[in-house]
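Everything on this sheet refers to the single structure shown next.
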Amino acid sequence: YDAENDADSDSTCGDDDSCPYDAANDSDSDSLCDDEDLCRFDAENDADSDNICGGEDSCPYDAENDADSDLICGDMDSCQHDPENDMDSDLVCADEQRCDYDAENDADSDGICGNVDSCRYDAENDADSDIVCGDVDSCRYDVENDADSDQLCGNVDTCEYDADNDVDSDRLCGESDSCPNDGSDDADSDNICGDADSCPLDAENDSDSDLVCADLQMCDHDIENDADSDGVCGNIDSCPYDAENDADSDAICGNVDACVYDAGNDIDSDSLCGNVDSCPSDSDNDRDSDSICGDVDSCSNDSLNDDDDDGICDSIDSCPNDSLNDIDSDSLCTSVDSCPNDPLNDMDRDRLCADVDPFPSDRLNGLLSDSNETNASSISNFLVDFTKSIDSNSSAEDNVAVVSAIVAAASQSSDDELDDAIVDALVEVGSTLDGSDTDTIDAFVDTVDTFASGSTDDIDQVENLEDVLTSVCGAVNSAYNPNSTNATATTFNQDSFSLTCSQPTDTDSGDLIVSTDSVSLVAYNSSSGATASVSTWVVDAPENSTDGTELLADVQGISISYDDGSSASEADDVDDGGYQIAITLSADTDSGEALRKRVSCKYFDRNTSAWSSRGVYLRGLEVGVAEAALSVSAICVSTHLTLFTITDDSEDAKGVEAKVQVVADRFEALSNVDLFSSE
């Protein structure tokens, strides 16, 4: 049944032959007859489709037939296209990577595989060419790797060779900075850098060794830096210690010049330089102080330069102010001679020199030779002129002598004008007594007594004379008790009055106490350093002629003056700065007539010429026994001091009389007691 009759000559007819045209009948048993099988001997028929049948194909399963020629067919080759089969063992075949010998495949991504990369982890491949790859290079861009070890790499280090990085901030790095620690780089060019230069701005480095650099001082070559502060340095200053540089141009510097402003250097040798010497050529410097220097003064020892123009300089002129040089030859020059033409100098002390005195031996100049009426008027006029002439230069002794003579001559006069003139003269003369001796004071007190002998019944006149006696006490202490520091008293017992001048006792309470026979005084809260004047005026007439008041006691004048010249002032309160005055009554206690009337304390008011009780009142009576006789004193208190007395007010005296009678009866009874009787 094979039309072709075993066309393939395999001895199997076509109708029984599975491969009628294949004599081998599918040699490779691939179900493809050889006549149809491209690979008759390849059961897999070129499994890798490389057009090479398996029997002939070195790599039947590798279409590329060991493309990488590594003798490992692709179907068995982990890297079909890598003959070295992932030589770098990076699990990436060479045909799939750029770096087939670099397991990290160009780890630094620098396009150079690690196997040929000098710095496989440095993409910049040792950018600074220091043979230290960047990945281990502390300074990747610094070939010297922080050459100055300042922790700053050279590529960012402003001073790559200066560890201090221009520490002086002069924009010069230390390696090229001649003075790396001196920002001014040896500003003074003395080859010593400022950081080691004691004077960085002084090229001579304090050449004068004054410890002050030249740039800090004006005088760089003067160790004392212009010691005299004259603006000229000592090294060029002609007088380094003289700010005025020999002000007087005498070639001697002021610091050693005895007379800085005197070129003549005290030419008169008086220890005063000419610039302050009022008389530079007069060693005595105008000895006579006449503003004319001795070298040109005609009378160098005479300040008035022969003041009297008598041709004799005052220094040798016995009477420098008397051109006639004591013409009356009484050894008193005219300037001090009260009577320049009277050698006896007013022998009668009437203040009229003999050359003009019609009565040179009569102190009253014939006043007593006129009739009484004319004489009184003349004496009054004389006294007025005399009183006006009294001054601080008047002799108290002469003044007392004149007024004493007048009072003696006028003792029988009843002329009121003359009396007034005498009182004025006594007041004025009394004011000159300070510093007088005791004889002069005694004479003055006698004169007052002589005048007062006919005037005590006139209380106005008594008050005037009281002022006179006060001035006496002012002079008494220095004359009678010059060295006394204790309480002292001087008493004058005259016919018309008694006067006690006392430095009062100063008690612990501050009160002053003065006591006389007829009156005692207590001055409350008085100041120390006081002198008290206490006078007792004997009033003969029972009634005062001034206002007809009947007096029961003598008139007492009391005043206090102090060392500063002030007098006791009126007090606001009798017990605080006031005065207590105890006045002994002069009434006849035998008759008791006066004591039957009211006792009253009074002072004399000179404004009204009458006795007044303002500011004074009776505190009580003090009754005692003195020399076997009854003594009664009225205790008065007052706010002021003046003339005081006790007056009779004519009423309500019975109480006083009764008290006195009681004391008298007791005294009489006491007198009759036998003190030695046993009963």
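Some points to look at:
- Relative contact order, percent, the chain [alpha-carbon distance under 8 Å, six or more residues apart]: 4 percent
- Rounded to the nearest 10 degrees, the inclination of helix 438-452 to the longest alpha-carbon principal axis of the chain is 60 degrees.
- Relative to the dominant Cα principal axis of the chain, helix 372-389 is inclined by about 20°.
- R0 of 60 Å, Cβ-Cβ distance residue 349-residue 230: FRET efficiency to nearest 0.05: 0.20
- Cβ-Cβ FRET estimate between residue 605 and residue 338, R0 fixed at 51 Å, reported to 0.05: 0.70
- For the chain, the Kirkwood radius over C-alpha pairs fed into Stokes-Einstein at 37 °C and 0.692 mPa s yields D = 78 µm² per second.
- In terms of its alpha-carbon gyration tensor, region 255-347 comes out prolate; a/c meets the 1.5 threshold, and the first ratio a/b outweighs b/c.
- Length released on extending from residue 56 to residue 625, taking residue separation times 0.36 nm less the Cα-Cα span: 185.3 nm
- Extension reserve of the residue 81-residue 438 stretch, reckoned as 0.36 nm per residue once the Cα distance is removed: 111.8 nm
- Size of charge dipole - region 263-395 - debye, nearest 20, with Cβ of Lys, Arg +1 and Asp, Glu -1, no other charges: 880 debye
- Between residue 207 and residue 24, the distance separating the two model label sites (each 7 Å from Cα on the Cα→Cβ line) works out to 12.3 nm.
- Partnerless Cys - the chain, beta-carbon criterion under 4.7 Å: 13
- Simple label model, 7 Å out from Cα along Cβ direction - residue 176 to residue 377, nm: 13.7 nm
- Heavy atoms of residue 356: accessible area, 1.4 Å probe, square angstrom to 10: 100 Å²
- For a paramagnetic label modelled on residue 164 (point 7 Å from Cα along Cα→Cβ), amide N atoms under 20 Å away belong, within region 186-212, to 186-202.
- Cβ charges +1 (Lys, Arg) and -1 (Asp, Glu), total dipole of the chain, debye: 17540 debye
- Compactness of region 1-134, taken as the C-alpha radius of gyration over 2.2 N^0.38 Å, stands at 1.91.
- What the Cβ-Cβ distance of residue 550 and residue 331 gives, at R0 = 56 Å and to the nearest 0.05, is a FRET efficiency of 0.35.
- Extension gain, residue 315 to residue 617, is 101.8 nm, computed as 0.36 nm per intervening residue step minus the present C-alpha separation.
- Between residue 3 and residue 488, the modelled labels are 20.7 nm apart [label points 7 Å from Cα along Cα→Cβ].
- In terms of accessible area, using a 1.4 Å probe and ignoring ligands and nucleic acids, 502, 300, 269 rank largest first as 269, 300, 502.
- Only protein heavy atoms count here; under a 1.4 Å probe, residue 218 has an accessible surface of about 120 Å².
- Alpha-carbon centroid distance for the pair region 154-179 / region 56-91, whole angstrom: 63 Å
- Region 277-305-region 17-40 distance, computed between alpha-carbon centres (Å): 178 Å
- Solvent exposure of residue 466, expressed as accessible area, is near 10 Å², computed with a probe of 1.4 Å over the protein chains only.
- Going by accessible surface with a 1.4 Å probe and the largest first, 537, 611 read 611, 537.
- Averaging over all projection directions, the Cα-based convex hull of region 298-345 occupies 2.9 nm² in the image plane.
- Between 0 and 90°, nearest 10: helix 459-480 axis offset from the chain longest Cα axis: 60 degrees
- Relative contact order of region 87-197, pairs being alpha-carbon contacts under 8 Å that are 6 or more residues apart, as %: 10 percent
- Cut-off 19 Å, label 7 Å out along Cα→Cβ of residue 110, residues of region 127-157 by amide N: 127-146, 154-155
The values are calculated or read from the model by the stated rules, or taken from the named source; none is laboratory data. Values in this document were obtained by computation on a predicted structure and should not be read as measured data. Ideal geometry is used to build each Cβ from the backbone, glycine not excepted, and the neighbour counts take in all protein chains shown. What goes into the accessible areas is simple: the full protein's heavy atoms, side chains included, and nothing from ligands, DNA or RNA. Shrake-Rupley method; radii C 1.70, N 1.55, O 1.52, S 1.80 Å.
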